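For reference, the structure is listed below as C-alpha cells.
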Amino acid sequence: MSPSQTFKRIMRLLIPHKSRILIALAGMVLTAATEPAMAGLMKLLLDKGFAGPRTFSLWLVPLFVVGVFVIRGISTFTTNYMMAWVSSRLMTDLRQSMFERLLDVPLGFYGEQSVGTVINAMMLEVQQILEMIRSVLVTLIRDTLTVCGLLGYLFWLNWKLTLVTLVIIPIIAVVVRLTAQRLKRLIREFQEINAALTQSIEETTRAQQVIKIFGGQQYEAQRFAQRSSRLRGFTMRMASTMATTEPITQFATSFAVSVIIMIALLQANEGNVTVGDFASFITAMLMTLTPLKHLAGVNGPLQRGLAAGETVFKLIDAALERTNGIHLPERAQGSLEFKDVGFTYPTQTRAALTGINLAIQPGETVALVGLSGGGKSTLVNLVPEFFTLTSGQILLDGTPITHISLPSLRSQMAMVSQHVVLFDDTVAANIAYGDAKLDMQRVQAAAKAAHLDDVIASLPQGLETQIGDNGMRLSGGQRQRLAIARAIYKDAPLLILDEATSALDTESERAVQSALNQLMQGRTTLVIAHRLSTIEHADRIVVLDAGKIAEIGSHKELLAQQGLYAHLYHLQFAKESV
C-alpha cells in the first residue's frame, strides 16, 4: 500500500465523524482569522494613536484585544475538543477492528507474526495514527489558513515586500521534501526495532521460570539493552533529521527580514511607507513564521502516521478463515473419515502428512501414537480445520468439513491439549468458557467429573475464585483438570485429547482417566498419547511414522505384529520398569 493510499484510507475513516470535524474546522477558521486582526491593530495604533491625533475611542482597544482572544480561546477549545473526540473514537474503532480480526485469522497467522508485532500495532501504531490526525490535520488546516490570511493581509499592505517574504516558502518546501525520504526509512526501521523490544518484554514475562532456572537474566538484560540502545539511536536520528528544518527556516527568515528592512527604509525615504505600515508588516510577517515552522515540522508525525497506518491496515486486512459452509441443524453422530489426506505447512517443503486414509465410526476411540514429528498433532488439528488441507478430504457424518461452516463444525468438538490455556477469570467462567448462559449446575457436575471438586472446596471463593494469568494460582495438575472439566461441560459428540493427562500425578491421572473413560462413552474420540499404557483399551490404535500410517489395530493385535508399536511399547515399558 503506497503512502497516498494509506493517507486516503485514514481520511475515509473520518467520514462517519464529519459533523464534528466540520465544527472543528469552523474553529480553525476563526482561530486563523484572529491572526491578521492583531497585525491590523498594530498599524492603527501607530498611525492613528501614537503618531497623530487619536481618531477612535480609547476603550475600544481593550475591548478589541480581549474580544479577539476570547474568540480565539473558544475556537481553539472547540477545535481541540472535537478532534480529541474524533481521535479517541477512531482509536477505539481501530483497536476493536484489529482485535476482532485477530480472533478470525487462521492459526497459521500466528506462526508468521510475532506477539510483539501484534501488540505493538494495537497499542503504539494506533497512537501514531491518532497523533497524525490530531496534530497533523489540525496543523495543516489551521496553520495553512493562518498563513493564507496573513499573506493576504501582507499583499494588501505592501505587495512588493510580500514577494520577498514568499522566498521562505520554497526553501521550507525543499527542506521538507529532502527530510521526508530519510524519515520514511528511519521510521520503518524504528518500527521493527520497537516490535522486537516489545517481543523481548513479552517473552521475559512469559518465560520467568526458564530464565531463572537456566540463569538467563544477564543474557536477557543484554538483549534488552542492545535493542533499547538501537531504538534510542533511531530516535535520535529521527530527531536530528526533523530538527534540521528549524535552523534552515530561521536562516531563510533572517535573510528575508534583512532584505525587507532595506526595501522598507528606501520606501520610507520616498514617503511610501509609514511607521505603522512597517511595524504592522513586520508583525504580520513574524506571526507567519510560527505556523510556517509548524507546517515544516509536520513531516515527522505525518511520516510516522503513514508508516503506522500501513502496519495497522496490514493487520486489519489479514486473511480471514473461511466464512462459507452449511450450518449443522443438530448434534453430529460423530463418524469421521479421512480420504487420502495430505498436508504441508506453508513454510515447509516436506509434507507433514501423506496419503492418510482412515474411517472412524461414531463412538469409537482411536489413539494416535508414534515418534515425535510423526504427524499426530497435525492430524487432529486438521479436524477442526485449524489448518486447511493440502489434499484429500475429511468427512464428518459423510459431509466434507470444508462444506460445513467453521462455527458449526467446531461446535461439535471439545479439545484438551497438553498445553493448557486458561483465562484470568473465575473457575466457573473457565469451565463454561464460550457459553453465554452459564449453567452453574452443569459447571459443578463437570468439575466433579474431572475430580476438581476437592480443589474448588479449598479455594477462598470456590467456583468464583479468580485463577490469575493462565491459571497461575493453580498447580499444573489442577490446571489440566480444569481444562478437562471445560471439555466435559461442552458435552460435544467429538473429543480431541492431546496428552490430556500429561501434567497429572499418578493418583490424579487414575481418577481423571476414569472420568475420561466415562466421558468417552458414546463419543468419537481422538487420543494422542505418549504414555502408551493410557490407551491400551482404545478401540483402535493408529501408528503414524513420518506422516504416514504405519500400523492400525488394537493393542493386542499390534503387540502381536511385533512392529513399530510393539517396539515403542516394550521400550517404554522397559524405561518405566527401570
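Values as computed for the structure displayed
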{"read-out": "Whole-Hz ³J(HN,Hα) from phi, Karplus 6.51 cos²θ - 1.76 cosθ + 1.60, for the range 547-552, glycine and proline x", "value": "x, 10, 7, 9, 8, 9"}
{"read-out": "Neighbourhood charge, 15 Å Cβ-Cβ cut-off, centred on residue 429 and excluding it, Lys, Arg +1 and Asp, Glu -1", "value": "0"}
{"read-out": "Likely footprinting exposure, 337, 330, fewest C-beta neighbours within 10 Å first", "value": "330, 337"}
{"read-out": "Highest-first arrangement of 480-489, 367-376, where packing means the average Cβ count within 10 Å", "value": "480-489, 367-376"}
{"read-out": "Given 212/490; 376/556; 339/556; 314/376; 18/314, the pairs whose alpha carbons are separated by over 31 Å", "value": "212/490; 314/376"}
{"read-out": "Nearest-0.05 FRET efficiency for residue 440 and residue 514, computed from C-beta distance (R0 22 Å)", "value": "0.35"}
{"read-out": "Modelled FRET efficiency - R0 35 Å, residue 464 with residue 418, Cβ distances, 0.05 increments", "value": "0.80"}
{"read-out": "Compactness relative to 2.2 N^0.38 Å, alpha carbon Rg of the range 425-479", "value": "1.03"}
{"read-out": "Where labels lie 7 Å past Cα in the beta-carbon direction, separation of residue 326 and residue 29 in nm", "value": "6.0"}
{"read-out": "For the range 413-418, 3J(HN,Hα) per residue [Karplus equation, 6.51 cos²θ - 1.76 cosθ + 1.60, θ = phi - 60°, Hz, x = Gly/Pro]", "value": "10, 10, 9, 10, 10, 5"}
{"read-out": "Packing rank of 342-349, 410-417, where each peptide gets the mean count of other beta carbons within 10 Å, highest leading", "value": "410-417, 342-349"}
{"read-out": "Among 540-551, 227-238, the order from most to least packed when residues are scored by Cβ within 10 Å on average", "value": "540-551, 227-238"}
{"read-out": "Residue 174/residue 232 FRET efficiency (R0 22 Å; Cβ-Cβ; nearest 0.05)", "value": "0.15"}
{"read-out": "Residue-by-residue Karplus 3J(HN,Hα) for the range 67-75, coefficients 6.51, -1.76, 1.60, Hz, glycine and proline x", "value": "x, 4, 6, 5, 4, 5, x, 5, 5"}
{"read-out": "Euclidean distance of C-alpha centroids, the range 281-296 and the range 358-417, integer Å", "value": "69"}
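Each value in this text was obtained by applying a stated rule to the coordinates, not by laboratory testing. The shown structure was predicted, so the numbers you read here are calculated from the model rather than taken from an experiment. We place every Cβ from the backbone using ideal geometry, glycine too, and count neighbours over all the protein chains shown.
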